[in-house]
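Everything below concerns the one structure shown next.
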Amino acid sequence: MAIFGDGKSMTYKLDGFTSYFPTSEFDIIQPRAQSKRGSDPNADTEWNDVLRAKGILPPKEEKEITEDDLVAMVENTIENKRQRMAEMRETQQRSKFGEVREISKADWVTEVNKAGEGIWVIVHVIPLCKLMNQHLANLARKFPQTKFLRSVSSLCIPNYPDKNLPTVFVYLEGDMKKQFVGPLAFGGMNIKQDELEWMLSQTGAIATDLEEAPRPAVKDVMNIAIRESAINGDDSDDDY
């Protein structure tokens, strides 16, 4: 390294390359250049980038691509494509539901308990729940990786009381993970679809994009009592 100056500018020579700096700028670069001398000029460092920008170091040497490099690049591309295809096939296989199917008691073991590894099953016990039917049909289309089923209470659960309707069971690999029984479990008779979506997402059965509960949980005892009284005295359950 050689340094020449006239008080206004400095000439810096390093490994055959020459650069000129104002004295003030050189005062900053020169001590660091001395401390970095002997380091790899091709190293990908911030300091080398500064020296290249000032013309002290030549442009970084580009590595020549060999036949082995090309083979490795092709193999990586093929492997990445195989991985993406496998992920797509898995998603397609899991996204095979998309509707609410009705089952009988005879179907329960096959469709619910033996649904398959990693398959969440949501079972709606009917009738008397038209609004819930509509919401679940929409959610089944929105979350086709989850199996949505419905079954008539008198067929799947003998002597099941109507006061327990609507009822929704959530299963995973044969185990019941959650059950929602009766109108109060759903916060009343006019539950909205996003509210139901949030409730089911909390069980793990669906992966919602909702960031928070659409409405807070009902905690007021008087509100619950009023709602329950309205449900018991209402003869229009068939519209639910």
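The values are calculated or read from the model by the stated rules, or taken from the named source; none is laboratory data. None of these values were measured; they are calculated from a predicted model. When we count neighbours, we look across all protein chains shown, and the Cβ atoms used for this are built from the backbone with ideal geometry, even at glycine.
Here are some notes:
- Matching helices (runs of 4 or more DSSP H) fully within the stretch 56-173 where at least 2 residues are under 24 Å from the mean Cα position of the chain (by Cα) and either in contact (Cβ under 8 Å) with a residue 40 or more places away in the chain or outside the structural domain of residue 204 (by TED's automatic domain parsing) (or both): 67-94, 130-142
- When residues of the stretch 153-201 are limited to those that are of a type in the set (Ser, Thr, Tyr) and over 27 Å from residue 211 (Cα atoms), the one modelled with the lowest pLDDT: 154
- Residue identified as at pLDDT 75 or above and more than 30 Å from residue 148 (Cβ to Cβ) among 27, 44, 49, 15: 49
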